[in-house]
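**Q** Have a look at this one before I ask anything.
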Amino acid sequence: MKKILFVAIFIVLLSACARVGSPEGGAKDTTPPKFLKSNIDTSRVNVPTSTRELRLYFDEYINLKDANKNLIISPPIKKIKKIIPSNLANKYISITWDEDLQENTTYNFNFGNAIVDNNEGNVLPYFNFAFSTGKELDNLYISGTITDALLIPGKTSKHGIVVGLYADSADFKQKPNYITKADEDGYFELNYLSKGKYSIIAFEDENENSVYDAGKEKVGFLKEKIDLSQNLSGLKMKIFPSEKNIRYKETTPVSGGMLMVFEGNPKKVEVKSISSELTDYQVTHAEKSDSVMVWVGKQNALNNKTLTPLKISYNADGKEDTISVSYKTNEKDELTLANNKGGQLPPEKDFVITANMALKEINPALWALKSDSINQKFEARISEKNPKEIIISSDFKAGKKYSLSIPKGGVQGYYFQNPKAYIFNFEADKAENYGSLTLKLTNQPKSYFWIQLIDSEGNIKYSQYTDKNEIRFTSLEPATYYARILADD
């Protein structure tokens, strides 16, 4: 650690020594840098295609902040050689490249918020410079806003949203012909465009390569091409998570077995062992979940001292393959129970216990639910949606305290049972501590859909799967919620 810290400090000191200083005292400078001239003729037209450099001069020393992220060149110049300034402040920007420019084409250099003065860091916002290798500059533009369909109002994407135009076929494996970035409010402008028909795309450029990576990045399209013959403003688009291709990722050991993880949320996964060492196992998978559990008992062939190589085949929505994994049982594995919902039970709700393994059966006849030391009738069942959860139903009275006791062996997994007794204490909360919400929908989706209540951080707090136009949520904790509907179009 000391060596790494020393190197980091050393680099900082070098940068500090080389930095052009600012005078001390006086009023703070708040004026951004001013563009003076360029090496391109002032008309900015008929620029030779053999041009290899753009140089822009300013009235003071500047730096380029995150140039690789902020600078957008439309249409893209693939073979960029060097961009100055990089580490040291300068009074000009120089961009050099190693390829001929296209004929009769307008090039636009959009610097976003990259240009800042050296002394105070004042930003020259969204500075553009354009020139043409033809007789005139293209001067049409498209502007609009991009929103993330799954984010609540006021929240912005973690990664910059890129908006691109394709002049010919929409080959999303290539960089767009014209490209820009939306600002933090989702507003974007595509400038210096020529007349024509364009396909438009917006995507969350997570890896900052200016190319849409299918299955990995959020994306939005317009179904019809834009026929651009005049300026277009007020365009509205939304981005959504893109559908991922089914792909096996990894298998890791977990308590009670192995966890297989897939990308793409397969609807159905079948798993089979083709190794003689693994013959006794159980598989659980929830529809459209990325996780598949292979529950394994403490079999003699899978001793806990050495790893045993295994071969396992799978069929995930028709995609088949065989994988090799190494596994050994863990003597410390045991079935545990927990109350993850807290000590206050909301009105009209069941009490829920969560196990760390999928459950095979329970024996509630051995359990006891008491209030004021008096036994109370109850029913218990393993959840159909989540085999790790136990649902306890009873006539819970607001304001009363309850105690649920489960003896050793009262809960059975596939290969384990709870090795110790548990006591869960909780109180049925009062209705006045909660709220309810009824939503009436017009033009609701024709098929079943999810309606979700999400909090200010975007977390799903309550949800229902329904086809009704009136939905009621009860026992809601006090908070600000946003309603969101998810439906297959």
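The values are calculated or read from the model by the stated rules, or taken from the named source; none is laboratory data. What you see is a predicted model; the values in this text were computed from it and never measured. Note: ideal-geometry Cβ built from the backbone for every residue, glycine included; neighbour counts use all protein chains shown.
**Q** Need a quick list: strands (runs of 3 or more DSSP E) entirely within the stretch 71-171 having at least 3 residues that are farther than 19 Å from Asp41 by Cα, over 30 Å from the mean Cα position of the chain (by Cα) and of a type in the set (A, V, I, L, M). Break it down into steps so the answer makes sense when it comes.
**A** Details: elements: 72-74, 80-84, 90-97, 106-110, 115-117, 128-132, 140-148, 161-166.
The strands (runs of 3 or more DSSP E) meeting that bar are 80-84.
**Q** Within the stretch 368-389, which residues are out of contact with any Ser or Thr (no Cβ under 7 Å at 6 or more places or on another chain) and among the hydrophobic types (A, V, I, L, M, F, W, C)? Working first, answer last.
**A** Keep residues of the stretch 368-389 that are out of contact with any Ser or Thr (no Cβ under 7 Å at 6 or more places or on another chain), which gives 371-375, 380-386.
Within the stretch 368-389, Ile374, Ala380, Ile382 meet the criteria.
**Q** With respect to Ser475, determine if the residue is surrounded by 12 or more Cβ atoms within 10 Å (Cβ to Cβ) and not assigned by TED's automatic domain parsing to the domain that holds Tyr281. Even if it seems obvious, please write down each step before you answer.
**A** Details: surrounded by 12 or more Cβ atoms within 10 Å (Cβ to Cβ): yes; not assigned by TED's automatic domain parsing to the domain that holds Tyr281: yes.
In short, yes.
**Q** Could you tell me how many of the residues in the stretch 386-434 are exposed (fewer than 15 other Cβ atoms within 10 Å of the Cβ) and β-branched (Val, Ile, Thr)?
**A** The total comes to 1.
**Q** Please verify whether Ile77 is of a type outside the set (Gly, Ala, Ser) and touching a residue at least 24 places away in the same chain (Cβ under 8 Å), treating the condition exactly as stated. Reasoning before the result, please.
**A** Details: of a type outside the set (Gly, Ala, Ser): yes; touching a residue at least 24 places away in the same chain (Cβ under 8 Å): yes.
So Ile77 passes the test.
**Q** Could you tell me whether Asn425 is in the same structural domain as Ser371 (by TED's automatic domain parsing), touching a Lys or Arg at 6+ places or on another chain (Cβ under 9 Å) and not acidic (Asp, Glu)? Break it down into steps so the answer makes sense when it comes.
**A** Details: in the same structural domain as Ser371 (by TED's automatic domain parsing): yes; touching a Lys or Arg at 6+ places or on another chain (Cβ under 9 Å): yes; not acidic (Asp, Glu): yes.
Against the criterion (in the same structural domain as Ser371 (by TED's automatic domain parsing), touching a Lys or Arg at 6+ places or on another chain (Cβ under 9 Å) and not acidic (Asp, Glu)), Asn425 qualifies.
**Q** Is it the case that Lys468 is more than 26 Å from Ser291 (Cβ to Cβ) and either surrounded by fewer than 17 Cβ atoms within 10 Å (Cβ to Cβ) or not aromatic (Phe, Trp, Tyr) (or both)? Show your work before the answer.
**A** Working: more than 26 Å from Ser291 (Cβ to Cβ): yes; either surrounded by fewer than 17 Cβ atoms within 10 Å (Cβ to Cβ) or not aromatic (Phe, Trp, Tyr) (or both): yes.
In short, yes.
**Q** Turning to a different aspect of this structure: Tell me, which residue of the stretch 336-372 that is surrounded by fewer than 14 Cβ atoms within 10 Å (Cβ to Cβ) and small (Gly, Ala, Ser) is farthest from Gly257 (Cα to Cα)?
**A** Gly343
**Q** Can you tell me which of Leu228, Leu193, Leu222 is farther than 30 Å from Thr284 by Cα, surrounded by fewer than 17 Cβ atoms within 10 Å (Cβ to Cβ) and either in the same structural domain as Leu71 (by TED's automatic domain parsing) or aliphatic (A, V, I, L, M) (or both)? Explain how you work it out, then say what you get.
**A** Details: Leu228 fails: surrounded by fewer than 17 Cβ atoms within 10 Å (Cβ to Cβ); Leu193 fails: surrounded by fewer than 17 Cβ atoms within 10 Å (Cβ to Cβ).
So the residue among Leu228, Leu193, Leu222 that is farther than 30 Å from Thr284 by Cα, surrounded by fewer than 17 Cβ atoms within 10 Å (Cβ to Cβ) and either in the same structural domain as Leu71 (by TED's automatic domain parsing) or aliphatic (A, V, I, L, M) (or both) is Leu222.
Condition check ((1) modelled with pLDDT of 80 or more; (2) hydroxyl-bearing (Ser, Thr, Tyr); (3) assigned by TED's automatic domain parsing to the domain that holds Ile460) across all residues:
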position	(1), (2), (3)
Thr147	yes, yes, no
Thr156	no, yes, no
His159	no, no, no
Tyr166	yes, yes, no
Ala170	no, no, no
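**Q** Sticking with this structure for a sec: Would you pick out the residues in the stretch 309-331 that are farther than 17 Å from Glu270 by Cα and in contact with a strand residue (DSSP E or B) (Cβ under 9 Å, 6 or more places away or on another chain)? Show your work before the answer.
**A** At the first step, the residues of the stretch 309-331 found to be farther than 17 Å from Glu270 by Cα are 309, 326-331.
Scanning the stretch 309-331 gives Pro309, Ser326, Tyr327, Lys328, Thr329, Asn330.
**Q** Considering only residues of the stretch 84-104 that are hydrophobic (A, V, I, L, M, F, W, C) and within 17 Å of Asp117 (Cα to Cα), which is surrounded by the fewest Cβ atoms within 10 Å (Cβ to Cβ)?
**A** Keep residues of the stretch 84-104 that are hydrophobic (A, V, I, L, M, F, W, C), which gives 84, 88-89, 93, 95, 97, 101.
Checking which are within 17 Å of Asp117 (Cα to Cα) leaves us with 84, 88-89, 93.
Values: Ile84: 15, Leu88: 13, Ala89: 17, Ile93: 25.
The residue in question is Leu88.
**Q** So which residues in the stretch 126-161 are over 23 Å from Asn177 (Cα atoms) and either surrounded by fewer than 15 Cβ atoms within 10 Å (Cβ to Cβ) or in contact with a helix residue (DSSP H, G or I) (Cβ under 7 Å, 6 or more places away or on another chain) (or both), if there are any at all?
**A** First pass over the stretch 126-161, keeping only residues over 23 Å from Asn177 (Cα atoms): 148-158.
Those that are over 23 Å from Asn177 (Cα atoms) and either surrounded by fewer than 15 Cβ atoms within 10 Å (Cβ to Cβ) or in contact with a helix residue (DSSP H, G or I) (Cβ under 7 Å, 6 or more places away or on another chain) (or both): Ala149, Pro153, Gly154, Lys155, Lys158.
**Q** Have a look at Lys238, Lys249 and point out the one that is of a type outside the set (A, V, I, L, M), under 21 Å from the mean Cα position of the chain (by Cα), under 30 Å from Ile323 (Cα atoms) and not in a loop (DSSP other than H, G, I, E, B). Please lay out each step first, then the result.
**A** Working: Lys238 fails: under 30 Å from Ile323 (Cα atoms).
Checking each option against the conditions leaves just Lys249.
**Q** Quick one: which residue in Ile374, Ile362, Ile392 is of a type in the set (Val, Ile, Thr) and free of Cβ contacts under 8 Å to residues at least 24 places away in the same chain?
**A** Details: Ile362 fails: free of Cβ contacts under 8 Å to residues at least 24 places away in the same chain; Ile392 fails: free of Cβ contacts under 8 Å to residues at least 24 places away in the same chain.
Every option except Ile374 fails the conditions.
**Q** Only one of Leu359, Leu259, Leu278, Leu302 is within 34 Å of the chain's Cα centre (by Cα) and not assigned by TED's automatic domain parsing to the domain that holds Lys420. Can you tell me which? Steps first, answer last, please.
**A** Working: Leu359 fails: not assigned by TED's automatic domain parsing to the domain that holds Lys420; Leu278 fails: within 34 Å of the chain's Cα centre (by Cα); Leu302 fails: within 34 Å of the chain's Cα centre (by Cα).
None of the others qualify; the one that does is Leu259.
**Q** If Asp290 passes every condition in (1) touching a helix residue (DSSP H, G or I) at 6+ places or on another chain (Cβ under 7 Å); (2) modelled with pLDDT of 90 or more but one, which one does it miss?
**A** If we test Asp290 against (1) touching a helix residue (DSSP H, G or I) at 6+ places or on another chain (Cβ under 7 Å); (2) modelled with pLDDT of 90 or more, just (1) comes out false.
**Q** While we're here: Mind checking which residues of the stretch 438-460 are touching a Ser or Thr at 6+ places or on another chain (Cβ under 8 Å) and either within 20 Å of Leu476 (Cβ to Cβ) or in a strand (DSSP E or B) (or both)? Step through it out loud before you land on a result.
**A** The first filter runs over the stretch 438-460 and keeps only residues touching a Ser or Thr at 6+ places or on another chain (Cβ under 8 Å), leaving 448-453, 455-456.
If the condition is that a residue be touching a Ser or Thr at 6+ places or on another chain (Cβ under 8 Å) and either within 20 Å of Leu476 (Cβ to Cβ) or in a strand (DSSP E or B) (or both), then Phe449, Trp450, Ile451, Gln452, Leu453, Asp455, Ser456 are the ones that fit.
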